Each structure stands twice: as C-alpha cells, then as structure tokens.
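I have placed the structure first, in the form of structure tokens, so that the comments after it can refer back to it.
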Amino acid sequence: MIDVYSLWLDFQSAVNTSINGWFRPETDFVRAVNEISKSLWTKWTNKAEKSQEEKDKLFPFLKSKNIAVDSQTTYYGIAKKPVEYGRFASARIIVHDDTTLPAKDVNDGKCEGLKDQAEITDEYYDNIKEFKVVMIDNQRWSAYCEHLTKGPTLQKPGITQINDSFKVAPRKVSVIVIDYYVEPKPATFKYTLTPGDVQTGSGDMIIYDANASQKLEWPEQVRPEFLELLKNWYSAYTKDQVLNIINLQQKQVNP
C-alpha cells in the first residue's frame, strides 16, 4: 500500500509546493489522488484481460467468491453479484460428475445461499474438473441458450450480466466462482499543524496521523504513475489559479 503522507512528501519534492499554497494537502491533494486512483483503476481494468503488467498492478483489488445460482427459470439460473462488485474479471465452475461445487480455495469452500451444502470431502476434490465460464453478449444470450450444437453445457457454460445479477447457463449449474475487481477505497490524509516560527520565518509543519488516515491500496510499483499524474494535475491547477488572478486584476483595471 502507498502511504499518503510519503506520497505528499515525494510530490512536494517534485514541485516544491508549500502547505499554505494553492494545493492544500487534505483537500486539493487528496482529491487529486483519489481522482487519479479511480482513473487508473478504470484504465487498467479495461486492459487487464490482455496485459499481465496491468493484472499485477491491480492484484489488491481482485477478489474471488463462490456464488449460489438460483435455477428457478426455464433454461438458465440467476447468480447475484457480490455487494462490493466493481468489474468482471473471469468466472469458472467446479464440476464433480454432474454436480457443481464451490471452489475449495475461495472462502474456505463456503458458498452463502447454497441450500444443499453437504460436507465436501477431499475425495470429491481429487476427482473434479474446472471449466471456464464464457461471458456472452446480452444480445446473443437467447440464441446462445437455444443453439443445438453450441449451446451451454457443463463443459462449456456461459453467463451474461443483467442489472445486479448474472444469468447462468446451463440451469444445472448450482455454484459459480466469480473473480472480480473491487473499486479502490478513497484515501484520506489526516494531520495537525504546528504553528510557524515567526523569528526564523519557517512555515507550518505537518504532524501526520497515520492511524486516522486511509492509505492507497495500490502497490508501491504504481507510485511513479501517481507522481507523474499529480505533477500534471498540479500544473493545470496552478495555471488555472494564475489565470483567475490575471482576470481579476484586469477587471479591476478595466471595470
């Protein structure tokens, strides 16, 4: 995780800004940090399927969950998205004979909402097969489910997203394992200030409260991207401030 205070110190070093300047730590700086965090998350989750580098950067946000499938409809089941679901990564099913099981390495093999969840022994897991679940475009879902030769089977299952759920086929699937990305938690920067020294002219000093602050969940390898984007953000921000001052001065001269 990236500590917000250490990122602020690196940022100060790069742009030589002051605490009492235009770019304030707890407001302007943190707002910029969180906007950049959201932007990077969106950008890299779009690319993650094709790039291992992006996958490595996103690892703190990748979660897995066993989800029970409600098969009350005619030809497909319904699986609710996890509460913290942000973006789809992949899905799979674990099959023993004609039965789907929770993944043993996800939530200790537990699956909330699964009605018939008898104890699954190691003997079961020694004889299972795992199949990738294909994401189907919603417009092609009906045709996919009704196709005579390329329709859904336990060996080639499919899902599609609808509102806060997934449609799952074939309907005999009772458990699906979803890998998904959660959104980054907003970072916070909590601190107090020591008063500046009137005699020496030194400015206020930050006393950082690490316990009350929320770190960025990103790995340290992403720090250079944050610093570069923060410098761009700061450059645009201060340019706007200067333009505003010039405009105000011109209005005073030429009311």
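Here are some notes:
- Here the extension length gained between T74 and R87 equals 1.9 nm, from 0.36 nm per residue of separation less the Cα-Cα distance.
- Rough spin-label spacing in nm, given labels placed 7 Å along Cα→Cβ, for F59 and H96: 3.1 nm
- Here the calculated FRET efficiency for K129 and T27, from their Cβ-Cβ distance with R0 = 51 Å, stands at 0.40, rounded to the nearest 0.05.
- Taking trypsin sites (Lys or Arg not before Pro) across region 1-100, the ones in a DSSP loop with at most 16 further Cβ atoms lying within 10 angstrom of their Cβ are K50.
- Cross-link check: pairs K43/K63; K50/K172; K110/K190 evaluated at a Cα-Cα cut-off of 27 Å; pairs beyond the cut-off: K50/K172; K110/K190.
- Label-point separation, K43 to E225 (7 Å along Cα→Cβ), nm: 0.7 nm
- Dipole magnitude of region 61-181 about its Cα centre (Cβ charges: Lys, Arg +1; Asp, Glu -1), debye to nearest 20: 580 debye
- Per-pair calculated FRET efficiency, R0 = 22 Å: A14 and S51 via Cβ, rounded to 0.05: 0.20
- Net charge contributed by nearby residues that have their C-beta within less than 15 Å of K156 (K/R +1, D/E -1): +4
Here, each number is a calculation from the coordinates, and none is a lab measurement. Remember, predicted model here, so these are calculated numbers, not experimental data. Heads up, the Cβs are rebuilt from the backbone with ideal geometry, glycines too, and the neighbour counts pull from every protein chain shown.
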